[in-house]
Amino acid sequence: MTLLDTPAVGTAPAPLAPAARLLPALAAVYRAQLARAKVSRIPLLFVATFQSVGILVMMRGVVDPGDNPSAHAVVAGSAVLVVAFVALNLLAQYFGKLRATGGLDHYATLPVPPASVVLGTAAAYASFTVPGVFVTAGIGSWMFELPVARTWILLAVIPLSGAALAGLGAALGLLAPRQELATLAGQLGMSAALLLGVLPASRLPEPVQWLRDLLPSSYGVDAFALTFAPHPDWGRVLLDLGVCGAVGLVSLTLATWAYRRAAR
């Protein structure tokens with residue numbers, strides 16, 4: 001470099017490239033996270049599915065099969081538990097690790113909106129649960145002698161419950177001051193989804209039912225459970241899905257704010 005190549009004093013720096021738009025950036029983050037999940041998360045998905053099937057086997061000994069609300073709740077709760085294990089527990093650990101190891105600095109240097117990082121990662125983790133949820137629902141329907149014709153409702157339950165749980169998991173991981181606390185918070189959240197989502201709500205004490213109402217995934221569980229009835233109340237199904245979607249929007253907004261806070 002010669003003196004002629006040296007920029008003059010006072011010359012304005014060249015402008016930075018414009019930031020990527022939300023949707024293209026979200027799609028790029030989603031593809032990257034999904035490719036990463038295919039390699040490193042398949043064993044964990046197997047564990048999540050195996051865990052839910054094991055709960056079905058255990059509950060089969062205490063809940064009668066057939067068309068009854070308890071059987072509906074057990075099958076629906078076990079299926080959605082796969083989403084809770086991956087989208088809540090693993091995502092809390094993932095963002096907690098990113099924050100502890102400085103991995104957020106990499107994303108902070110990229111010209112992508114913070115919302116695209118949170119939404120893309122959450123969508124990848126939620127969509128990764130699809131095979132396990134359908135396998136668990138199919139096995140549970142067979143074990144408890146329930147119809148499988150309406151399991152298509154899971155195509156709505158998975159993204160809505162996944163958004164709510166993934167947003168909550170990301171927020172827990174980003175707000176936890178230490179990586180160990182993020183892991184603990186994710187484990188406690190999954191335990192809450194297990195105890196409050198799988199057990200029939202009618203058999204829980206009233207104060208515990210209030211806690212269950214605060215769990216985002218419980219509305220997805222209720223929506224799926226209602227479809228096992230011979231004549232489902234589709235109005236209640238849509239209401240539960242709507243509540244689940246609204247909670248998901250709030251939790252993802254919270255996670256985006258937590259990401260901005262942690263990145264700064």
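The values are calculated or read from the model by the stated rules, or taken from the named source; none is laboratory data. Since this is a predicted model, take the numbers as computed values, not measurements. Methodologically, a virtual Cβ is constructed for each residue, glycine included, from the backbone with ideal geometry; neighbour enumeration extends over all protein chains shown. The area values use the complete protein model at the heavy-atom level, side chains included, leaving out ligands, DNA and RNA. Shrake-Rupley method; radii C 1.70, N 1.55, O 1.52, S 1.80 Å.
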| task | Order these peptides, 95-107, 164-176, by their mean beta-carbon neighbour count within 10 angstrom, highest first. | result | 164-176, 95-107
| request: Subtracting the Cα-Cα distance from 0.36 nm times the residue separation, let me have the gained length for Ile42 to Arg203 in nm, one decimal. | output: 54.5 nm
| message | For a quick check of understanding: with a 1.4 angstrom probe and all protein chains in place, what accessible area in square angstrom does Val247 have, to the nearest ten? | response | 50 Å²
| query | Applying 1/(1 + (r/R0)^6) with R0 = 45 Å to the Cβ-Cβ distance of Leu181 and Arg60, what FRET efficiency is obtained, to the nearest 0.05? | reply | 0.80
| Point-to-point label distance, Ala263-Thr109, nm (Cα→Cβ direction, 7 Å offset) | 1.4 nm
| said: For the chain, what does the accessible surface come to per residue with a 1.4 Å probe? Please give it in Å². | reply: 50 Å²
| query | Nearest 10 degrees, 0 to 90: what angle lies between the long axis of helix 154-175 and the longest principal axis of the chain (Cα atoms)? | reply | 50 degrees
| query | If you line up the long axis of helix 130-143 against the longest principal axis of the chain, both from Cα atoms, how many degrees apart are they, to the nearest 10? | reply | 10 degrees
| query | Share of the chain's accessible area from carbon and sulfur, percent, 1.4 Å? | reply | 70 percent
| request: Run the numbers on the chain and let me know its relative contact order in percent, using alpha-carbon pairs under 8 Å that are six or more apart. | output: 28 percent
| How much length is gained on full extension from Asp233 to Lys97, taking 0.36 nm per residue of separation minus their Cα-Cα distance? | 44.7 nm
| Computed magnitude of the charge dipole of the chain (debye, nearest 20; Cβ of K, R +1, Cβ of D, E -1) | 680 debye
